[in-house]
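Have a look at the structure below, then the notes.
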Amino acid sequence: MALKLWSLLLLAAVCPQLEAQEAILHVSNGSVVKEYCLVYNSSWSSVSDSLNTAVSYPLRNLSSSRLCSAGQLSPGALRGMAVLVMRGECVFSQKAEVAQSLGAELLLIASTENLVTPSANNSEYSKVKIPLALVRYRDILNMQQVFPDGMEVFPDGMKVSVYAPPLPLFDGSIIVMFLIAVFTVVMGGFWSGAAEKQKLSAGVCGETVDGQQDSSEISLYSPLKVLLFVGMMCVMLVLMYFFYRWLVYGIIVIFCLASASALYNCLDSLMTAVGCGTLSVSCSERSVSVRSLLIAAVCITLSVVWGVYRNDDRWIWVLQDLLGIAFCLNFLKTISLSNFKICVILLSLLLLYDVFFVFITPFLTPNGESIMVQVALGPGGGGGKGDGRTVEVPADPSETYEKLPVVMRIPQFSALAQNLCMMQFSILGYGDIIIPGLLVAYCHRFDVWVGNSRKTYFITCAVAYAVGLLLTFAVMLLSRMGQPALLYLVPCTLLSSFTLACVRKELRHFWSGPTHAVLDDSRKPLLSDGDAGAAGGVRSC
């Protein structure tokens, strides 16, 4: 299966490249060169894929006009030129028909609004024979400053050309995202199992017969609580969609606090694992750990830095991913699912949740957008929409907008033309790591409970997660659309775990979790030989 998935990715890497909806406006007067962002419709306008093959045209600046009619211009007045006009008053196709009737070879439409892929009625497409593209009005103002003497007609001076470098279907950022996700799930599951083993060896049981647990762990053991949890997630997502402007700041504050705490727990556990001393100092009859103070200072500093510079896309994604990894790791270690039945209920419900808010909500929202995608990217996220052939680029790239810190973000390495318009990222939601990761963590804890030194369940479920993620990326690349990752991750992890339990004839124990050992006197103790003799029902977990 994995071999087939890698073959799909390899096929995606070598198959024909995608036609971008973003293009580059190359402006030059012989001595000064400047490039600007354009948005065009690749199915409507034919644009060269490289600067070397692009045709240069002298530019005629008619930005004071909407060019909805020929006006005072005589036939042929724009022959062989590129013409710049303002957006508005009439549709794009009408402007293009007027421009080409005057002899223009290229139409540039300046816009003070967000740049969207230009379109027209099907009957209008065949009437327009010249390329047309949208350009930011602020870029026109910049052009007038950079080329103060070249904004009218200078056939031997300033010229413009348009080209759109094709984007490869496969981007290297996907590999980085894959490695981050698999690393986080594997390490989170391993940490959860190691903590369970430590509790058992110390004589502390994570769960008793009546479902109570140790205070150091939060366990989901009731189907009703799972239903309430998923219901709250649905309500919160809908509230974020309608009241994003206000609720986003609350989420940002919560993330800063939670990620700082999670990073502290990760670093403190790492220091303990490598044998780093605490170097305690006594003060007023109280002992203070110098190591803890230093780690706390580092974590708080990183969290504050992210909070201050959270909208600087050029580099803040590195810190956000670091804090996000720590958040996911700590979540997988702290939150536990008590048995496989709870795993099945939770993952199945969240699979339906993911599919509904990604695929179904576009039919329910007035503008046809996915609630999940819109909340994840933020109202100013722009980027690809619908079938991936429509884009939206902010009119002012210097304006910042608040984004929810709930995704891993890796800049797309190959999107050079897009980065001129806006930085493009490959994203993966924290939920696509945490939700399957909870099952991976349960599998490792079950390995500990049954004394399985080979960690068969843990390794199998972790491999299944990697396969499911590969399948997600393969379908995304081949369909050219974002995918709800849980649609592939949940079946892969649940089915692989279920099949393994059946093959090993441990499904009954795997389904019921550690409480089964307390209720079934005929079964051998779940603990290893050194712990099997411990007394008490709780100890037998």
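The values are calculated or read from the model by the stated rules, or taken from the named source; none is laboratory data. Fair warning: this is a prediction, and the values are worked out from it, not measured in the lab. Using ideal geometry, Cβ is built from the backbone for each residue, glycine included, and neighbour counts are taken over all protein chains shown.
The residue that is surrounded by the fewest Cβ atoms within 10 Å (Cβ to Cβ), counting only those in the range 336-373 that are among the charged types (D, E, K, R) and either under 19 Å from the mean Cα position of the chain (by Cα) or more than 30 Å from GLY513 (Cα to Cα) (or both), is GLU369.
Pairing residues of the range 244-258 that are more than 15 Å from ALA326 (Cβ to Cβ) with residues that are among the β-branched types (Val, Ile, Thr) and surrounded by 11 or more Cβ atoms within 10 Å (Cβ to Cβ), at Cβ distances under 7 Å and at least 6 apart in sequence or on separate chains, gives TYR244/VAL375. Within the option set ARG409, ARG389, being of a type in the set (Lys, Arg), at pLDDT 90 or above and either in the same structural domain as LEU227 (by TED's automatic domain parsing) or under 30 Å from CYS266 (Cα atoms) (or both) holds for one residue only, ARG409.
Against the test of being part of a helix (DSSP H, G or I), of a type in the set (Asp, Glu) and either modelled with pLDDT of 90 or more or surrounded by fewer than 23 Cβ atoms within 10 Å (Cβ to Cβ) (or both), the options ASP432, ASP521 yield a single qualifying residue, ASP432.
Evaluating ILE325 against the criteria (1) of a type in the set (Val, Ile, Thr); (2) more than 17 Å from VAL490 (Cα to Cα); (3) surrounded by fewer than 23 Cβ atoms within 10 Å (Cβ to Cβ) leaves one unmet condition, (3). Going residue by residue through the range 138-151, is there one that turns out to be hydrophobic (A, V, I, L, M, F, W, C) and without any contact (Cβ under 8 Å) to a residue 60 or more places away in the chain? Yes, the conditions are met somewhere in the range 138-151. On the basis of being touching a residue at least 60 places away in the same chain (Cβ under 8 Å), in contact with a Lys or Arg (Cβ under 8 Å, 6 or more places away or on another chain), in the same structural domain as SER126 (by TED's automatic domain parsing) and among the hydrophobic types (A, V, I, L, M, F, W, C), does LEU38 make the cut? Considered against the rule, which asks whether it is touching a residue at least 60 places away in the same chain (Cβ under 8 Å), in contact with a Lys or Arg (Cβ under 8 Å, 6 or more places away or on another chain), in the same structural domain as SER126 (by TED's automatic domain parsing) and among the hydrophobic types (A, V, I, L, M, F, W, C), LEU38 comes out as no. Filtering LEU239, LEU329 for residues that are in the same structural domain as CYS421 (by TED's automatic domain parsing) and in contact (Cβ under 8 Å) with a residue 24 or more places away in the chain leaves a single hit, LEU329.
Candidates LEU420, LEU470, LEU404: the one that is buried (at least 20 other Cβ atoms within 10 Å of the Cβ) and touching a residue at least 60 places away in the same chain (Cβ under 8 Å) is LEU470. Do we find that LEU495 is in the same structural domain as PHE190 (by TED's automatic domain parsing), surrounded by 18 or more Cβ atoms within 10 Å (Cβ to Cβ) and in a helix (DSSP H, G or I) in this structure? Here the answer is no, as LEU495 does not meet what is asked.
GLN320 falls short on exactly one of the conditions (1) without any contact (Cβ under 8 Å) to a residue 24 or more places away in the chain; (2) part of a helix (DSSP H, G or I), and that condition is (1). Within the range 499-513, the only residue that satisfies the criterion of being more than 14 Å from LEU439 (Cα to Cα), among the aliphatic types (A, V, I, L, M) and in contact with a helix residue (DSSP H, G or I) (Cβ under 9 Å, 6 or more places away or on another chain) is LEU507. Checked against (1) aromatic (Phe, Trp, Tyr); (2) crowded, with 16+ Cβ neighbours inside 10 Å; (3) under 19 Å from the mean Cα position of the chain (by Cα), TRP315 passes all but condition (2).
Among residues of the range 112-134 that are in the same structural domain as SER43 (by TED's automatic domain parsing) and closer than 18 Å to ARG87 by Cα, those with a beta-carbon under 9 Å from a residue that is of a type in the set (S, T, N, Q) and exposed (fewer than 14 other Cβ atoms within 10 Å of the Cβ) at least six positions away or on a different chain give the pairs PRO131/SER46.
Checked against (1) of a type in the set (Asp, Glu); (2) touching a residue at least 24 places away in the same chain (Cβ under 8 Å); (3) more than 21 Å from VAL33 (Cα to Cα), GLU89 passes all but condition (2).
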